[in-house]
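Q: Below: one structure in structure tokens.
The values are calculated or read from the model by the stated rules, or taken from the named source; none is laboratory data. Treat the numbers as computed from the prediction; the structure is a model and nothing was measured. FYI the Cβ positions are ideal-geometry reconstructions off the backbone, even for glycines, and counts take in every protein chain you see. Ligands, DNA and RNA are stripped out before the accessible areas are found, and what is left, the full protein with its side chains, is counted by its heavy atoms. Shrake-Rupley method; radii C 1.70, N 1.55, O 1.52, S 1.80 Å.
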Amino acid sequence: MPLLLGVNIDHIATLRQARYARCPQAPNAEPSPLVAALDALAGGADSLTIHVRGDRRHMQDADALRIRAEVPLPLNFEMGVTAEMLAFALLLQPEFACLVPETREEITTEGGLDVAGNFALTHNAVTQLQDAGIRVSLFIDPDLPQVEAAARSGARMVELHTGAFANAADEDRELEITRLAAAARAAHAAGLQVNAGHGINYSNITQLWAVPYLAELNIGHSIVARALRCGLTQAVRDMRQLMATYPTAAR
Ligand code: PXP
């Protein structure tokens, strides 16, 4: 299986909200997340990731519903574990849901979900979503107790948080790769699909090739940043090309 690319387009909505927070669906409100989704499709994205946060700071409910209706790509819906978002996910019916921790103060999703510490709540959300035909992924730090709890929750996938790897100083990077590789091996052995995301860019991505069993990477910020220079379609194409170098032996 090739390594799949999920393109996170939240930042397109972030830019629109900076100017049009009061009227995000007005005809002149730009840039459009829907157009971005279509550009990502043209560049070879395998899926789209969008996160409707409780505070609606970037993607709005209407964006998610429109993208779902109009873009022929699998949708990965990132969501906090709240009754409000569960209800919305059941209405939206994405192919995948990725459960993430959410706090109002953070700039982006900063740590992984504490599945072990919030087991009943997580297990309940996983069950409701998967009973509705939505495959669930849990966004966790690459720690073995979290992998073990994710497997017990019934979720089909984990997304390993690569933020600590991406932010590590050169001398600490190897340690973070070792953590990710150990978590990937444990998740694979437990029958979970292994995804990864956060802070992955065009230069650090190949260092992740030491992590086995990767099925999908979810990447947003670096692709949107490159899109300012070459357009989103080309930025996605470039990332896809790099991802084709993931070693066959690691898959
Ligand atoms: N995966 C998850 C669960 C995230 O919360 C984010 C950030 O929204 C990403 C992947 C993408 O991270 P980045 O924008 O740093 O590529």
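Q: Give the accessible surface of the chain per residue, rounded to a whole number of Å², with probe radius 1.4 Å and ligands, DNA and RNA excluded.
A: Per residue, the chain has an accessible area of 44 Å².
Q: How would you order 174-183, 19-28, 53-62 from highest to lowest mean count of nearby Cβ atoms within 10 Å?
A: 174-183, 53-62, 19-28
Q: Relative to the present Cα-Cα distance, how much length would full extension add between Arg152 and Asn167 at 0.36 nm per residue of separation?
A: That works out to 2.4 nm of additional length.
Q: Dividing the alpha-carbon Rg of region 1-127 by 2.2 N^0.38 Å yields what?
A: So region 1-127 has a normalised radius of gyration of 1.07.
Q: Given Cα pairs under 8 Å that are at least 6 residues apart, what percent is the relative contact order of region 67-216?
A: On the way: 250 pairs, mean separation 27.3, N = 150.
Computed value for region 67-216: 18 percent relative contact order.
Q: Also, quick follow-up: Report, in debye and to the nearest 20, how large the dipole of region 93-163 comes out about its Cα centre when Lys and Arg carry +1 and Asp and Glu carry -1 on their Cβ. All intermediate terms of the calculation are to be shown ahead of the outcome.
A: Details: 4 positive and 11 negative charges, 65 e Å.
It comes to approximately 320 debye.
Q: Which translational diffusion coefficient, to the nearest whole µm²/s, is obtained for region 15-70 from the Stokes-Einstein equation, given a Kirkwood hydrodynamic radius over C-alpha pairs, 4 °C and 1.567 mPa s?
A: Calculated translational D: 110 µm²/s.
Q: Here's another thing I want to ask about it. Looking at region 129-250, I'd like the Rg to Rh ratio, where Rg is from alpha-carbon atoms and Rh is Kirkwood's inverse mean 1/r.
A: Working: Rg = 14.9 Å, Rh = 15.0 Å.
With Rh from the inverse mean 1/r over Cα pairs, Rg/Rh is 0.99.
Q: For labels at Ser203 and Ala62 in the simple 7 Å Cα→Cβ model, what's the distance in nm?
A: About 4.0 nm separates the two model spin labels.
Q: Need the C-alpha centroid separation for region 43-60 versus region 183-210, integer Å.
A: 21
Q: Also, quick follow-up: Within region 75-168, report the trypsin sites (Lys or Arg not before Pro) that DSSP leaves as loop and that have at most 12 other Cβ atoms within 10 Å.
A: Working: sites: Arg104, Arg135, Arg152, Arg156; in loops: Arg104, Arg156.
For trypsin sites (Lys or Arg not before Pro) across region 75-168 that sit outside H, G, I, E and B with at most 12 neighbouring Cβ atoms in 10 Å, the list reads Arg104.
Q: Starting from the residue with the highest accessible area, list Phe119, Phe77 in decreasing order, probe 1.4 Å.
A: Working: Phe119 55, Phe77 0 Å².
Final ranking, largest accessible area leading: Phe119, Phe77.
Q: Next question, about the same structure. With every protein chain kept in the model, how would you rank His161, His198, His188 by accessible area, 1.4 Å probe, largest at the top? Walk me through the numbers on the way to the answer.
A: Numbers: His161 10, His198 55, His188 85 Å².
Ranked list, largest accessible area first: His188, His198, His161.
Q: While we're here: Compute the relative contact order of region 128-251 as a whole-number percentage, counting only Cα pairs closer than 8 Å that sit 6 or more residues apart in sequence.
A: The value is 21 percent.
Q: Identify the GluC sites (Glu not before Pro) of region 95-171 meeting these criteria: DSSP loop state and at most 10 other C-beta atoms within 10 Å of the C-beta.
A: On the way: sites: Glu95, Glu102, Glu105, Glu106, Glu110, Glu148, Glu159, Glu171; in loops: Glu95, Glu102, Glu105, Glu106, Glu110.
Here the GluC sites (Glu not before Pro) that fit, given the DSSP loop and packing criteria, are Glu105.
Q: So, one more: 7 Å from Cα along Cα→Cβ at both Thr103 and Arg237: what's the point-to-point distance in nm?
A: It is 4.2 nm.
Q: Over the chain, what is the mean sequence separation of C-alpha contacts under 8 Å (at least six apart), divided by residue count, expressed as relative contact order in percent? Walk me through the numbers on the way to the answer.
A: Numbers: 474 pairs, mean separation 51.5, N = 251.
Rounded, it is 21 percent for the chain.
Q: Which percent of the accessible heavy-atom area of region 1-117 goes to carbon and sulfur, probe 1.4 angstrom?
A: 58
Q: With a ≥ b ≥ c taken as the square roots of the eigenvalues of the C-alpha gyration tensor of the chain, please select rounded if a/c is under 1.5 and otherwise prolate if a/b is larger than b/c or oblate if it is not?
A: oblate
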